[in-house]
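First comes the structure, then the notes that go with it.
The values are calculated or read from the model by the stated rules, or taken from the named source; none is laboratory data. All figures in this text were calculated on a predicted structure; none of them were measured in a lab. A quick note on method: Cβ atoms are made from the backbone with ideal geometry, for glycine too, and the neighbour counts reach across all protein chains shown.
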Amino acid sequence: MKRVAFLSSAGAALISVPAFAAPSVGAKVRAIAASMPGRIGVYARTMASGPPIVEYHASHRFPTASTIKVLIMTTAFLAEESHPGALSEHITFYSSDLIGGSDFMAQADNGQRFTVRELIVPMIQLSDNTAANLLIGHFGVSHINAVGRRAGMERTHLARKFLDYSAIVHHNDNVSTPADMGRLLYLIERGAREGVRTIVSAQHCRQMVKIMLGQTDRDGIPAALPRGTPVANKTGEIEGMLNDVAIVEPYGDSPFVLAIMTADAYDYSAAYAAIHKVTRATYAIAGRSYEEMKALVLAGALIVAALDSDNPMPALSPYAPIATMVGQVDAGRLQANVNRLVAFGTRNDFSERSSTPSHGVFGARDWIARQFEAIAATTGGRMTVSLDTYTQPKTPRTPRAVLESSVIATLRGSDSGRVYIMSSHYDDCDGRCTDGAGTAPGADDNGSSVAAVIEAARVMASTQFRGTIVFACFDGEELGLWGSNHYARELVARHAPVLAVLNNDIIGNSVGGDGRSEPNVIRVFSQAIPSGAEDARVNLVGSENDSPSRELSRFVAEIVPVYLSDFAVRQIYRSDRFMRGGDQESFQDAGYAAAIRFVEAHENFTHQHQDVRVENGVQYGDLPQFIDAQYLRRATQANVAALATLALGPAPPAGVQMPLRRLGYDTTLRWKPSAGAVAYEILWRATDAAQWAHARNVGNVTEATVSVSKDDDIIAVRSVDENGLRSPAVYPIAARE
């Protein structure tokens, strides 16, 4: 008897199944697709079978039309959990908001107010486009996309409001994949059925299923099922496209999710016929009872239609200790610490000779040290505080030599081979950076980041981490990255194993000088080619976007939405802002390549390096009144989530190589074991993709081969620990054999 092995997309162990055991639903789907004018993609998964039972073009992107409204609904229910009462918040409808496909809202009065919950129901059940647009405007496109990423919908993108034809003309459409839509429905049904939290609480999962059961469009998937079959579905239709995504029998004996998406399907009768045929073929196997499906899986008697699964990225779940730390970050404390730093009048390097403890850069230094010392006193000796002090010689930019003194708080971990740094700089300047006498508040640049580092130390100090964490407030950044350069060289001399640097600089303001505001976004800058790398070799293997800095940036972008549903990381592929710099570059230049910088989404240049004044009605100067404490809180939480995951999670794989034994169609990676790892995941993505798209859990091994082309894809490996925490990915070195 021939046996075929497959790997669950959820990273389960290998299962061996008889190749003749089940009807070839995959062959049926392929035949249906071949006879249909246009394109079709299908994803189906039962609640008992583990991996998908049907995947046909499941990772291909299709226009979503109204099916993406399920994600908008999920965003609303998740908001209720982050901010109780969010579903009861009111949104005002104006006649100018009305667009086509809005039978419900067409009856509304100008100025009528609706709660979020009151808009969700017509958006889903009647597919009301105006209701959907009001919710998009309320939550924001970037936030809805962040929720999608949190649900593992890496290839889903909400780009526009409904019926925004100008955006479509510019190829800026709403897109998703059958696999992404199917996974979202799977999370909703699993939460509702098993009473567990998935993307939202079980209670909210049940409410979403109930709303979808009231769907009025039953011409797609429901029409092909036996009469009376309960279906919680959402359809989508625009010219040349019919979609339907559904939970079939959500409370019955044989629940399954089915997502069917089409494109270039201008013959609607043919498209409906294809949807009906696919539904019936899927139901023939998925319609078995829940217990029967479980028994088939456990007995190894079920074969999936597509053995080479899409291997989607896993949907990460919050780890309770990290979620607790993130939740303890306090906006009031952050604002108070910024205000206290501003009260020193100036933190200019050349104010170091001030004899007044309440004034000048060293007054601020001593206050910062006292904050760390108070935190250290609660750690039983695990945290120590020190000053890194030296004399910086006169430079062509400065009038004299100056004493520099950075504050370093070290929280010792159990693994001496791993050091992680969260940094900021506490010096500042006015319009003349060598002016030690003038007023320089430095609230955002960079009191905001100093406050964040102190607050992160406070909420993290009580936890025993694997890795050692350094909380650093550097001096001398404004005049040449002096303090961080000196400290980085000291670390090199001590052979310190620094694995990541999260530098923060200007993270407290949510409104740019041009009026733009994205209060739910923070930028993360990352370096392309590490210092000292051979450009020719980088070009040969195509690793310019897989430096340790870029991998750390991807890691942060993946982790932050797990703990902050209303905050997203925008990755910027630059070491810093155009022709500017920051302390992360000191570590990159010293050979610690995994260093990144956090910066607010939109800066206000009337605040940075300005004398305090009012000119033409504009307030200049970096004053504390411009700090958005809630934005600063989220920026700090993002740091805490990433830093805690790094220091609590497994060490990244070391010595990662891609052996080049011969030409071939698959790829082999090998690596050395990592401390704390119980398994490893091979990741891959297209060469022009920013984020990892696929993951395969290969178990606790140190070598694995995947059926992925090293010519067409970027491939890496990362560690996984017993709590499901992941390390940053490591790009392999080519090793000729």
Note to self: Please pick out the residue among Ser102, Ser96, Ser88 that is more than 18 Å from Val200 (Cβ to Cβ), of a type outside the set (Phe, Trp, Tyr) and at pLDDT 95 or above.
What the structure shows: Ser96
Notebook entry, point to check: Of the residues in segment 167-200, how many are at pLDDT 90 or above, surrounded by fewer than 24 Cβ atoms within 10 Å (Cβ to Cβ), among the β-branched types (Val, Ile, Thr) and assigned to a helix (DSSP H, G or I)?
Noted result: 0
Next item on the list: Scan segment 656-674 and report the pairs whose first residue is assigned by TED's automatic domain parsing to the domain that holds Asp713 and whose second residue is exposed (fewer than 11 other Cβ atoms within 10 Å of the Cβ), with Cβ atoms within less than 7 Å and a gap of 6+ or a chain change.
Entry: Pro659/Glu737; Leu660/Arg736; Leu660/Glu737; Arg661/Glu737; Asp666/Ser707
Note to self: Here is a check on your reading of the model: is Pro357 more than 26 Å from Arg489 (Cα to Cα) and assigned to a loop (DSSP other than H, G, I, E, B)?
What the structure shows: yes
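If the requirement is being over 34 Å from the mean Cα position of the chain (by Cα) and among the basic types (Lys, Arg), which of these qualifies: Lys210, Lys277, Lys234?
On the way: Lys210 fails: over 34 Å from the mean Cα position of the chain (by Cα); Lys234 fails: over 34 Å from the mean Cα position of the chain (by Cα).
Every option except Lys277 fails the conditions.
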Check: Would you pick out the residues in segment 144-167 that are touching a residue at least 24 places away in the same chain (Cβ under 8 Å), over 20 Å from Trp692 (Cα atoms) and not aliphatic (A, V, I, L, M)?
Finding: Lys161, Phe162
Note to self: Given the condition out of contact with any Ser or Thr (no Cβ under 9 Å at 6 or more places or on another chain), of a type outside the set (A, V, I, L, M, F, W, C) and without any contact (Cβ under 8 Å) to a residue 40 or more places away in the chain, answer yes or no: does some residue in segment 112-129 qualify?
What the structure shows: yes
Margin query: Here is a list: Gly11, Gly50. Which entry is in contact with a helix residue (DSSP H, G or I) (Cβ under 8 Å, 6 or more places away or on another chain), at pLDDT below 90, outside any strand (DSSP E or B) and over 30 Å from Ile120 (Cβ atoms)?
Written below: Gly50
Next item on the list: List the number of the failed condition for Arg466; all other conditions in (1) farther than 20 Å from Gly413 by Cα; (2) touching an Asp or Glu at 6+ places or on another chain (Cβ under 6 Å) hold.
Entry: (1)
Item checked: Residue satisfying all of: in segment 572-585; over 12 Å from Gln527 (Cβ atoms) and out of contact with any Gly (no Cβ under 8 Å at 6 or more places or on another chain); modelled with the lowest pLDDT among these -> Met579
Checklist line | Output for segment 643-673, where each listed residue is surrounded by fewer than 23 Cβ atoms within 10 Å (Cβ to Cβ), small (Gly, Ala, Ser), touching a strand residue (DSSP E or B) at 6+ places or on another chain (Cβ under 7 Å) and assigned to a loop (DSSP other than H, G, I, E, B) | finding: Ala651
Check: Given (1) in a loop (DSSP other than H, G, I, E, B); (2) over 23 Å from Ala34 (Cα atoms), where does Tyr266 come up short, assuming only one miss?
Finding: (2)
Check: Hey, which of the strands (runs of 3 or more DSSP E) in segment 542-642, taking only ones fully inside, have at least 1 residues that are of a type outside the set (A, V, I, L, M, F, W, C) and either crowded, with 17+ Cβ neighbours inside 10 Å or touching a residue at least 24 places away in the same chain (Cβ under 8 Å) (or both)?
Finding: 568-572, 595-600, 618-620
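Within the bounds of segment 363-370, is there any residue that is under 29 Å from Ser553 (Cα atoms) and either assigned to a loop (DSSP other than H, G, I, E, B) or not assigned by TED's automatic domain parsing to the domain that holds Ser727 (or both)? Steps first, answer last, please.
If we filter segment 363-370 for residues that are under 29 Å from Ser553 (Cα atoms), which is where we start, we get 368.
Filter again for either assigned to a loop (DSSP other than H, G, I, E, B) or not assigned by TED's automatic domain parsing to the domain that holds Ser727 (or both), leaving 368.
Scanning segment 363-370, I find at least one residue that is under 29 Å from Ser553 (Cα atoms) and either assigned to a loop (DSSP other than H, G, I, E, B) or not assigned by TED's automatic domain parsing to the domain that holds Ser727 (or both), so the answer is yes.
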Margin query: Suppose we filter Arg227, Arg160 for residues that are surrounded by fewer than 17 Cβ atoms within 10 Å (Cβ to Cβ) and either outside any helix (DSSP H, G or I) or aliphatic (A, V, I, L, M) (or both); which single one remains?
Written below: Arg227
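Yes/no matrix, rows are residues, columns are (1) of a type in the set (A, V, I, L, M, F, W, C); (2) touching a strand residue (DSSP E or B) at 6+ places or on another chain (Cβ under 6 Å); (3) modelled with pLDDT of 95 or more; (4) under 30 Å from Gly676 (Cβ atoms):
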residue	(1), (2), (3), (4)
Thr395	no, no, no, no
Ser414	no, no, yes, yes
Tyr420	no, yes, yes, yes
Asp430	no, no, no, no
Thr468	no, yes, yes, yes
Asp475	no, yes, yes, no
Ser484	no, yes, yes, yes
Check: Could you say whether any residue in segment 509-528 is in the same structural domain as Gly360 (by TED's automatic domain parsing) and over 30 Å from Thr606 (Cβ atoms)?
Finding: yes
Margin query: Please verify whether Ile211 is at pLDDT 95 or above, closer than 30 Å to Leu87 by Cβ and surrounded by 24 or more Cβ atoms within 10 Å (Cβ to Cβ), treating the condition exactly as stated.
Written below: no
Item checked: Top-ranked residue in segment 326-374 [being basic (Lys, Arg) and touching a residue at least 40 places away in the same chain (Cβ under 8 Å); ranked as surrounded by the most Cβ atoms within 10 Å (Cβ to Cβ)] -> Arg347
